[in-house]
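Throughout, read-outs are computed from the coordinates displayed, never taken from laboratory work. Since this is a predicted model, take the numbers as computed values, not measurements. Backbone-built Cβ (ideal geometry, glycine too); neighbour counts: all protein chains shown.
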Amino acid sequence: MLVLSGLAMGALLVACLLALIAAPHLRPHLSYADGTVPGEVATYTCQAAIGLDGLLPCPREKDYRWDLAANSDLSTTWTTSRSDTSMLGGVLTQGEADCPDSRIAWTLTANGRTSSGSLSGTDRATLVTLSLSEPQDRITLTLRRLDSAPCATALEWRQAAPEAPWLGFLWSW
């Protein structure tokens, strides 16, 4: 019985190591498809670790940025790398010093589901989440200036993070 337990523990350890190595590659990600091309800034939320085949990659997240002129609107569409993406998340932030009187309406849409709101001079950041219940392949963020201020402003979607149900616990770190 002890031999079986030792073998089972060894197999479990090997399975966990293989899952950790594969997890960043299985994690869903967004790829630009259509509309206004946002600026992209890659961010990493962990320290890379040494693994069996060298350096284990960290889960990669992107911050997207758009510049909005006065009286403008824009739309950006992405595809997902996995059709079983179950949730979208992140934080929308508006540049504070850019245009203090600006107000931006935002709408995040995927497969008929919508999450929307607005950012103004008093609340310059908002948590964005959108639950998805069926396969989808296109995700669209629409931005529209609601104010009449003549200045340009910027909006960022930080930690734009699609999530899939399988092995989600591995890339939540």
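Assorted remarks:
- With the convex hull constructed from alpha-carbon coordinates only, region 88-147 shows a mean projected area of 4.1 nm² over all directions.
- Dipole of region 96-166, positive direction: furthest Cα of 128, 115, 164, with charges on the beta-carbon: 115
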